[in-house]
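Enquirer: Pasting a structure here, questions to come.
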Amino acid sequence: MRDVAIIGVGLSKFGERWDSGIKELMAEAGLMALEDANISSNEIEMIFGGTMASGRFMGQEHVAALMSDQLGLNNIPAVRIENACASGGSALRLGYIAVSSGIHDIVVVGGVEKMTDVTASEATTALGGAGDQEWELFQGITFPGLYAMMAKRHMYEYGTTEEMLASVAVKNHANAVKNKYAQFHKNLTIEEVMKSKVVSDPLKLLDCSPISDGAAAVVLAPLERARKYNDTPIKILASSQARDTLRLAERDTLTGIKATSIAAEKAYRQAKITPKDVSIAEVHDCFTIAEIMAMEDLGFYKKGKAGKAIMDGETALGSKLSVNTSGGLKGCGHPVGATGVKQAVEVVWQLRGEAGDRQVNGANIGLTHNVGGSGATSVVHVYKRAD
Ligand code: COA
């Protein structure tokens, strides 16, 4: 196994991108990553492209080949990865495996989703496909509904409050205000979140990540060759993925995501670190309760303790552990196939010291956490600036 580094990153602006189709979004992020890596196209050997439901949202399949065309890489093999909202994280992991194993040297990992060309109800149905279509979606449950059940149980078992949920949205919107790529540039108050319309009790509009368009890309290389392209390669210290049941009804618990605990444990072991060593983390806050559970499942807090800690500001920008500095899925947006790759882009900018107004001084070790569906898949990566 070889060490792997990220040598280039690119991101499109996230949001309602009616000015751009899926091709333009991929080009925006992909060309930025190639330029950032200072790499010529004939050195790229493979493309891994994450997208969840481009067929449902756009009528477009075979997206990785399109990605390759858009980047002018016409003869480069490309493969699409679909793993629900973890499509981007899983694409990154497969790119990592390809380089680490020695099969490929330079690979591009992209993620994209163009969700706003369909109605909210069509988007909800498409997203529902990340669960069990027959036993969950067909029975009437939506994704906000699944996470609302987890929230209710977490509140029942640990006394988590709606204000604690709201404080996740307030923190992540505050970070998004400092991120020019983010969908929302609007500070929120706890009161505003609490007063927003109920989507699925106890989750309100401002507890939810939005429907978004966007793309992200990274370029991977073996660490030993990385400095040829870039003075500040970011080493991937660990890459791990775990599974739990697709259906929520068959889980051991509703107050956490077992796939995350397992993936995190493996990642810490591979990286030879503990949660205490992490200074920045991009976690999967598709709903505010999801960030609270993630902070517990990733081992940053004991079960039932994360909600109060977030409300007390312990994970705000510039604290010992700064969480979702990009604005997270809530504030930056959640174009589902792009999210896992976007998380890596943000961590690379932070570890390079290039995160502008939201730079966390002394950011040393970064973690990304990308969940598929209601928790059937969880992907965790750990990163450090190469010595
Ligand atoms: N956060 C903040 N603002 C949001 C928002 C969100 N999640 N969703 C919509 N808005 C804003 C819109 O920008 C719009 O503002 P404007 O009136 O100033 O233009 C306003 O709220 C109404 O937007 P609209 O598009 O009518 O909202 P909607 O009711 O159709 O959709 C949700 C709202 C919450 C249902 C939708 O965002 C959603 O389904 N989110 C969850 C996505 C999801 O499940 N992802 C997968 C996770 S696993």
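Enquirer: Among the numbered conditions (1) under 18 Å from ALA344 (Cβ atoms); (2) surrounded by fewer than 19 Cβ atoms within 10 Å (Cβ to Cβ); (3) touching a Ser or Thr at 6+ places or on another chain (Cβ under 9 Å), tell me where GLN60 comes up short.
Expert: Only one criterion is unmet by GLN60, namely (1).
Enquirer: Restricting to helices (runs of 4 or more DSSP H) lying wholly in the stretch 304-360: which have 1 or more residues that are more than 30 Å from ALA123 (Cα to Cα)? First the steps, then the outcome.
Expert: Values: elements: 306-311, 328-332, 336-352.
Counting at least 1 such residues, we get 306-311, 336-352.
Enquirer: Suppose we filter LYS204, LYS195 for residues that are within 15 Å of the ligand (Cβ to nearest atom), surrounded by fewer than 17 Cβ atoms within 10 Å (Cβ to Cβ) and more than 27 Å from GLN70 (Cα to Cα); which single one remains?
Expert: Working: LYS204 fails: surrounded by fewer than 17 Cβ atoms within 10 Å (Cβ to Cβ).
Answer to the selection: LYS195.
Enquirer: Looking only at the stretch 63-98, which residues are more than 16 Å from the ligand (Cβ to nearest atom), crowded, with 20+ Cβ neighbours inside 10 Å and not hydrophobic (A, V, I, L, M, F, W, C)?
Expert: SER68, GLN70, ARG80, ARG93, GLY95, TYR96
One line per residue, one yes/no per condition, for (1) among the basic types (Lys, Arg); (2) out of contact with any strand residue (DSSP E or B) (no Cβ under 7 Å at 6 or more places or on another chain):
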position: LYS23; (1), (2): yes, yes
position: ALA29; (1), (2): no, no
position: ASP36; (1), (2): no, no
position: GLY49; (1), (2): no, no
position: SER101; (1), (2): no, yes
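Enquirer: Name every residue in the stretch 141-151 that is open to solvent by 60 Å² or more (accessible area, probe 1.4 Å) and free of Cβ contacts under 8 Å to residues at least 60 places away in the same chain, in order of residue number.
Expert: Of everything in the stretch 141-151, nothing turns out to be open to solvent by 60 Å² or more (accessible area, probe 1.4 Å) and free of Cβ contacts under 8 Å to residues at least 60 places away in the same chain.
Enquirer: Go through the stretch 99-129 and count every residue that is away from the ligand (no atom under 16 Å from the Cβ), open to solvent by 10 Å² or more (accessible area, probe 1.4 Å) and touching a Leu at 6+ places or on another chain (Cβ under 8 Å). It would help to see each step written out before you state the result.
Expert: Our first condition is that a residue be away from the ligand (no atom under 16 Å from the Cβ); within the stretch 99-129, this holds for 99-110.
Next, only the ones that are open to solvent by 10 Å² or more (accessible area, probe 1.4 Å) stay: 101-105.
Now narrow it down to the ones that are touching a Leu at 6+ places or on another chain (Cβ under 8 Å): none.
Residues meeting the conditions: 0.
Enquirer: Residues of the stretch 340-371 being touching a residue at least 12 places away in the same chain (Cβ under 8 Å) and among the charged types (D, E, K, R), which ones?
Expert: If the condition is that a residue be touching a residue at least 12 places away in the same chain (Cβ under 8 Å) and among the charged types (D, E, K, R), then LYS342, GLU346, ARG352, ASP357, ARG358 are the ones that fit.
Enquirer: What pairs can you find where one residue is in the stretch 113-124 and of a type in the set (Gly, Ala, Ser), the other is more than 9 Å from the ligand (Cβ to nearest atom) and not in a loop (DSSP other than H, G, I, E, B), and their Cβ atoms are less than 6 Å apart, with a gap of 6+ or different chains?
Expert: Pairs found: none.
Enquirer: Here's another thing I want to ask about it. Please note which helices (runs of 4 or more DSSP H) are completely contained in the stretch 106-178 and include at least 1 residues that are out of contact with any helix residue (DSSP H, G or I) (no Cβ under 9 Å at 6 or more places or on another chain). Break it down into steps so the answer makes sense when it comes.
Expert: Details: elements: 120-128, 143-158, 162-177.
Fully inside the stretch 106-178 and qualifying: 120-128, 143-158.
Enquirer: Being open to solvent by 10 Å² or more (accessible area, probe 1.4 Å), within 16 Å of the ligand (Cβ to nearest atom), of a type in the set (Lys, Arg) and within 19 Å of the chain's Cα centre (by Cα) narrows it down to one residue among LYS171, LYS178; which is it?
Expert: Of LYS171, LYS178, the one residue that is open to solvent by 10 Å² or more (accessible area, probe 1.4 Å), within 16 Å of the ligand (Cβ to nearest atom), of a type in the set (Lys, Arg) and within 19 Å of the chain's Cα centre (by Cα) is LYS171.
Enquirer: Given the options SER196, SER240, name the one that is under 17 Å from the mean Cα position of the chain (by Cα) and not acidic (Asp, Glu). Break it down into steps so the answer makes sense when it comes.
Expert: On the way: SER196 fails: under 17 Å from the mean Cα position of the chain (by Cα).
After ruling out the rest, the residue left standing is SER240.
Enquirer: Another question, then. So which pairs qualify, if the first residue must be in the stretch 62-81 and free of Cβ contacts under 8 Å to residues at least 12 places away in the same chain, the second must be among the β-branched types (Val, Ile, Thr) and crowded, with 20+ Cβ neighbours inside 10 Å, the Cβ gap must be under 6 Å, and the two must be at least 6 apart or on different chains?
Expert: If the second residue must be among the β-branched types (Val, Ile, Thr) and crowded, with 20+ Cβ neighbours inside 10 Å, no pairs are left.
The values are calculated or read from the model by the stated rules, or taken from the named source; none is laboratory data. Predicted model only: the values in this text are computed from it and were never measured. Here the Cβ is made from the backbone with ideal geometry for all residues, glycine too, and neighbour counts use every protein chain on show. Keep in mind that these areas ignore ligands, DNA and RNA; they rest on the heavy atoms of the full protein, side chains included. Shrake-Rupley method; radii C 1.70, N 1.55, O 1.52, S 1.80 Å.
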